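The values are calculated or read from the model by the stated rules, or taken from the named source; none is laboratory data. None of the values given here were measured: they were computed from a predicted structure. Note: ideal-geometry Cβ built from the backbone for every residue, glycine included; neighbour counts use all protein chains shown. Just so you know, the surface numbers come from the protein's heavy atoms only, side chains and all, with ligands and any DNA or RNA stripped out. Shrake-Rupley method; radii C 1.70, N 1.55, O 1.52, S 1.80 Å.
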Amino acid sequence: MTEQESIREAMEYDVVIVGAGPSGLAAAIRLKQLAGGKGGEIEVCVLEKGSEVGAHILSGAVLDPRALNELLPDWQERGAPLDTPVSEDRFFFLSEKGGFKVPNLFLPACFGNHGNFIVSLGNLCRWLAEQAEALGVEIYPGFAAAEVLYDDEVRVRGVATGDMGIGADSEKTANYTPGIELLAKYTLFAEGCRGSLGKQLAARFGLREDADPPSYGIGIKELWEIDPARHTPGLVMHTAGWPLDRETYGGSFLYHFDENLVSVGFVVGLDYKNPYLSPYEEFQRYKHHPKVRAFLEGGKRIAYGARAIYAGGLQSLPRLTFPGGCLIGDNAGFLNAPRIKGSHTAMKTGMLAAEAAFDAVAAGRAQDELSAYPAAFEDSWVKEELHRARNFKPLMKKGLVAGTLLFGIDQQVFRGRAPWTLRARKPDHEATEPKEKHRPIDYPKPDGVLSFDRLTNVSFSATNHEENQPVHLVLKDSAVAVDHNLALYDAPEQRYCPAGVYEILRDDDDATPRLQINAQNCVHCKTCDIKDPTQNIDWAVPEGGGGPNYPNM
């Protein structure tokens, strides 16, 4: 045992859950429901790296209530924050100055939102946390799970939170507090997309050996309060096309909800080729399109954030279990990409894992594989839904026009049940092409009314980190940033980061360029961990409680 381990406090539970998002909270609630229904007891703990539940939650979001109906059928009586049912769907293909609306009759059924609700997913998670705590779940916000703990047989026996009060020089400060070990019979990892511990577990146990490489997008979002005369409660609008070229996967969303609020956002697939492309700048110029500007003029932006989202689909799912635990929600990748929805599937997979864990604990088991969980997934509506959508991303890699046409045939003619499954073999970071193959993009300057510079927008995410701590964006080889990324790709990290974390600086005209990492700006989107061409950036959790503090996102 190391000196560090010897001074850690240890707490023991039946089940520890890492992450207080939809999947983690649904799992916690389901565990307690099962215990109560069978007259038993089960000790459940949820760790959340954000300063409060919901602080790091960012999504569009249009919620399919199917899983919530199963988990808490009386959610309406309990006051769940689902106040805006979808009233209308609109889908546009945009050109630079105009575009055309696709008649809803011709849209695949998966694009429809009848029966769904426009929500703040952060507020929904805050409400779910209240339901969980009322059942006796212990929730600890501000504590980041930084390390997976193993026993002598390499079985997961829990996690340890990060030490607090470590200075930028990696030495203990006067405020030093050691991390805490959370030990469990089973540990459920619900970190969301590209979870740092989930990535380690996948490598340790070979969870992705038989799966296609995962595929991702970056979602960038602003919350606006708009002129009441321009607000249409329940309106859901999606677009494809401009400002992206036809070879780049992506699109937008614009959702009207609550009192004159609009969620406006842009998604760009991280398999784009052009190293000069900036997803953030594409989003800013998108808002100047006449069909978007018409809603936003006279309004004000009140919040900003960004988050990577999973888009790989069924073919990219890893093995879900390993000795002592499992992956749930978007830590595994259960998002339905064509629907741009993953909260309902995340909740359901959390529930399925909870049922398997409860039965195992009740049978006196511990630290083995919860094989009942993947078996239940195979028989679930989540598997059926993802199976119907499985060819979406491989088809969209063929370009906007061909991909849209072929996916339409896949859905309208075959109803998602075509007798073939398409595969994608190249990870997103390998798609980036050398700068010589592309021309720099001249993005318009922000006007400060509809479009904004990056650092101003970051201030609207309420992002804050303790500055005297080690940088949590770790370069495996510091020379690669300049010698390879700058030389070959013109340092694309300057452009794919939506928070201005990465800068190439020169102290004077003749100085060797260097990479500056402004870690305090990080909004925890994980894009750098995904898109870096050489996979040289490793995103690790900073001190607990750091990062964005999203309101109503």
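Within the stretch 516-553, the set of residues being at pLDDT below 95 and in contact with a helix residue (DSSP H, G or I) (Cβ under 8 Å, 6 or more places away or on another chain) comprises Pro551, Asn552, Met553. What are the residue pairs meeting all of these: first residue in the stretch 121-144, first residue at positive phi, second residue open to solvent by less than 50 Å² (accessible area, probe 1.4 Å) and assigned to a helix (DSSP H, G or I), Cβ atoms under 7 Å, and 6 or more apart or on different chains? These pairs meet every condition: Gly136/Lys32. For the stretch 292-317, taking the residues that are in contact with a helix residue (DSSP H, G or I) (Cβ under 6 Å, 6 or more places away or on another chain) and either without any contact (Cβ under 8 Å) to a residue 12 or more places away in the chain or of a type in the set (A, V, I, L, M) (or both), the one that is farthest from Cys528 (Cα to Cα) is identified as Leu314. Residues Gly112, Gly162: which one is touching a residue at least 24 places away in the same chain (Cβ under 8 Å) and not hydrophobic (A, V, I, L, M, F, W, C)? Among Gly112, Gly162, only Gly162 is touching a residue at least 24 places away in the same chain (Cβ under 8 Å) and not hydrophobic (A, V, I, L, M, F, W, C). The single condition from (1) in a helix (DSSP H, G or I); (2) over 18 Å from Ala67 (Cβ atoms); (3) of a type in the set (S, T, N, Q) that Thr349 fails is (2). Just one of the listed residues (Ala203, Ala211) is in contact with a Ser or Thr (Cβ under 6 Å, 6 or more places away or on another chain) and open to solvent by 10 Å² or more (accessible area, probe 1.4 Å), namely Ala211. None of Leu128, Leu149, Leu182, Leu105 is more than 24 Å from Asn549 (Cα to Cα), part of a helix (DSSP H, G or I) and either open to solvent by less than 20 Å² (accessible area, probe 1.4 Å) or among the hydrophobic types (A, V, I, L, M, F, W, C) (or both) except Leu105. Criterion first (within 27 Å of Pro440 (Cβ to Cβ) and in contact with a Phe, Trp or Tyr (Cβ under 6 Å, 6 or more places away or on another chain)) does Phe266 satisfy it? The answer is yes for Phe266.
Answer with yes or no whether Phe283 is over 24 Å from Gly333 (Cα atoms), buried (at least 24 other Cβ atoms within 10 Å of the Cβ), modelled with pLDDT of 95 or more and more than 21 Å from the chain's Cα centre (by Cα). No: the conditions fail for Phe283. Being open to solvent by 10 Å² or more (accessible area, probe 1.4 Å) and under 25 Å from Tyr496 (Cα atoms) is the filter here, so list the residues in the stretch 220-239 that pass it. Listed by number, the list holds a single entry, His238.
When the stretch 387-402 is examined, which residues are found to be touching a residue at least 40 places away in the same chain (Cβ under 8 Å), assigned to a helix (DSSP H, G or I) and surrounded by fewer than 20 Cβ atoms within 10 Å (Cβ to Cβ)? Answer for the stretch 387-402, where residues must be touching a residue at least 40 places away in the same chain (Cβ under 8 Å), assigned to a helix (DSSP H, G or I) and surrounded by fewer than 20 Cβ atoms within 10 Å (Cβ to Cβ): His387, Leu400, Val401. When the stretch 27-47 is filtered for residues that are in a helix (DSSP H, G or I) and in contact with a strand residue (DSSP E or B) (Cβ under 7 Å, 6 or more places away or on another chain), the ones remaining, listed by number, are Ala27, Ala28, Leu31, Lys32.
Filter the stretch 240-260 for residues that are open to solvent by 20 Å² or more (accessible area, probe 1.4 Å) and closer than 14 Å to Ala61 by Cα and give the result. Passing the criteria: only Asp258. Annotation: of all residues in the stretch 469-498 being modelled with pLDDT of 95 or more and among the polar types (S, T, N, Q), the one that is most open to solvent (accessible area, probe 1.4 Å) is Gln494.
If a residue has to be within 28 Å of Leu58 (Cβ to Cβ) and not small (Gly, Ala, Ser) to count, how many in the stretch 342-373 make the cut?
Filtering the stretch 342-373 for residues within 28 Å of Leu58 (Cβ to Cβ) gives 342-354, 357, 373.
With the extra rule that they be not small (Gly, Ala, Ser), the set shrinks to 344-345, 347-349, 351-352, 373.
Of the residues in that region, 8 qualify.
The single condition among (1) in contact (Cβ under 8 Å) with a residue 24 or more places away in the chain; (2) part of a loop (DSSP other than H, G, I, E, B); (3) not hydrophobic (A, V, I, L, M, F, W, C) that Glu355 does not satisfy is (2).
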